[in-house]
Amino acid sequence: MSYIDGFVIAVPVAKREQFIAHANTFDAIFLEVGATRVMECWGDDVPDGKLTDFRRAVQAKDDESVVFSWVEWPDKATRDAGMAKFMKDPRMAAASDMPFDGKRMIFGGFAPVVSLSA
């Protein structure tokens with residue numbers, strides 16, 4: 001059974017290319033430490049809700065886009081070991097230069113309960 005880490009962040013639209021470069025660098029580390037897939041999705045159709053929505057969840061400003069991302073792992077044990085390696089990786093020192101406000105990121109680990117494919 002797989003395991004998923006999910007993330008939602010607000011990224012300034014002006015920093016889109018910087019974010020993509022950042023993601024390519026750090027997502028490669030996830031793959032090196034055991035992840036099987038990483039997806040970074042730039043907001044394209046993110047409507048305002050009546051009570052809550054993605055934009056409010058990360059306090060996105062008018063000049064920011066919402067990015068929805070996930071990391072797929074073979075299982076939780078691989079994820080736990082991989083995340084420990086990821087956080088200790090010396091390349092993480094460059095993470096302080098993130099093109100977004102990490103304090104507004106929401107994230108969590110998820111155990112799939114339904115998985116359908118075409």
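Where strands (runs of 3 or more DSSP E) fall entirely within the stretch 1-109, those with at least 1 residues that are among the acidic types (D, E) and open to solvent by less than 40 Å² (accessible area, probe 1.4 Å) are at 3-12, 64-73. Any residue at all in the stretch 9-18 that's closer than 21 Å to M87 by Cα and touching a Ser or Thr at 6+ places or on another chain (Cβ under 9 Å)? Checking the stretch 9-18: at least one residue is closer than 21 Å to M87 by Cα and touching a Ser or Thr at 6+ places or on another chain (Cβ under 9 Å).
Here V114 fulfils each of the conditions (1) exposed (fewer than 10 other Cβ atoms within 10 Å of the Cβ); (2) more than 13 Å from the chain's Cα centre (by Cα); (3) touching a residue at least 60 places away in the same chain (Cβ under 8 Å) apart from (3). Pairs meeting the criteria (first residue in the stretch 8-26 and within 20 Å of R55 (Cα to Cα), second residue of a type in the set (D, E, K, R) and in a helix (DSSP H, G or I), beta carbons under 8 Å, at least 6 apart or on different chains) are I9/R104; A10/R55; A10/R104. Within the stretch 73-96, the residues that satisfy the criterion of being in contact (Cβ under 8 Å) with a residue 60 or more places away in the chain and more than 16 Å from the chain's Cα centre (by Cα) are P74, D75, K76, T78, D89, R91, A94.
The values are calculated or read from the model by the stated rules, or taken from the named source; none is laboratory data. Small disclaimer: the values here were computed from a predicted structure and weren't measured. Please note: Cβ atoms are built from the backbone with ideal geometry, for glycine as well, and neighbour counts cover all protein chains shown. Side chains included, ligands, DNA and RNA excluded: accessible areas come from the protein's heavy atoms. Shrake-Rupley method; radii C 1.70, N 1.55, O 1.52, S 1.80 Å.
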